[in-house]
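Remarks on the structure that follows.
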């Protein structure tokens, strides 16, 4: 049976391939990480392995203030590429009016991925082995098939993150000011927990949580009128799993590998 992860990657690739023009980045070989800096627009990044025929590309679509959309062919007008200390910086230009640039990237899966979305848009990231670091002002963040760790800060938008493997020496931090948080981790993952839902939230968990203070309405979809703030552990404790939202529920699920 085809796994959910493979189906997700295939569908994402098929849809985006028809919407964007492709720019080859395979000449950037001596790098350890990629840092994407964008203003308005969606960012979709897929990790690829060394066996793939196109393992490092960027594709883009531009929408102007009148909502006219075109595929970007001349990347020098809209984006810049620069390497500093083995990090590739991919930057979109500062918006002229209410324009946006949607990005679809294929990036080697063993590179660290960082994304800064300064204005707004959805972020979808899948299949990265070395972890991800994301800062988003406005829009949802979805992570699928992530390894090692993740640091996500979102001002306004829900966060969904699924991990194939965990580095027990590194933390996972998912923080949003407005929106729910769902994290999927392997069954044998060991974490110390900090769970915060300031209002309109509840806590769900597929794992037994060892905590000194009972979690209010645990595994009940009852939106709390008071703040939920708990420390605890799963599977004996380990690296920190920090989940915090000012407005929304939190769910800790077992990942289906």
(message) What distance in nm lies between label points placed 7 Å from Cα along the C-beta direction at residue 37 and residue 55?
(response) 2.8 nm
(message) Give me the Å³ per residue figure for the convex hull around the C-alpha atoms of the stretch 164-257.
(response) 82 Å³
(message) Could you check the spin-label model distance between residue 229 and residue 138? Points 7 Å from the Cα along Cα→Cβ, value in nm.
(response) 2.9 nm
(request) Could you work out how far apart the two model spin labels at residue 84 and residue 219 are, taking each label as a point 7 Å from the Cα in the direction of the beta carbon, and quote it in nm? (result) 4.9 nm
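Counting helices only, and only those DSSP H runs with n ≥ 4, report the 222 nm mean residue ellipticity of the chain as the sum of -39,500 (n - 2.57) divided by its residues, in deg cm²/dmol to the nearest 500.
Calculated mean residue ellipticity at 222 nm is -2000 deg cm²/dmol.
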(message) Could you work out how much longer the chain between residue 96 and residue 64 gets when fully extended? Use 0.36 nm per residue separation minus the Cα distance between them, nm to one decimal.
(response) 10.7 nm
(request) Would you mind giving the three semi-axes, in whole Å and largest first, of the ellipsoid equivalent to the stretch 4-254 according to its Cα gyration tensor? (result) 34, 21, 15
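So how much slack lies between residue 198 and residue 254, counting 0.36 nm per residue of separation and subtracting their Cα-Cα distance, in nm? Before the final figure, lay out the partial values.
Values: separation 56, 0.36 × 56 = 20.16 nm, distance 2.42 nm.
Stretched fully, the residue 198-residue 254 segment lengthens by 17.7 nm.
Computed from the coordinates by the stated procedures, all read-outs in this text should not be read as laboratory data. What you see is a predicted model, and the numbers here were worked out from it, not measured in a lab. Glycine also receives a Cβ, built like all others from the backbone with ideal geometry; neighbour counts cover every protein chain displayed.
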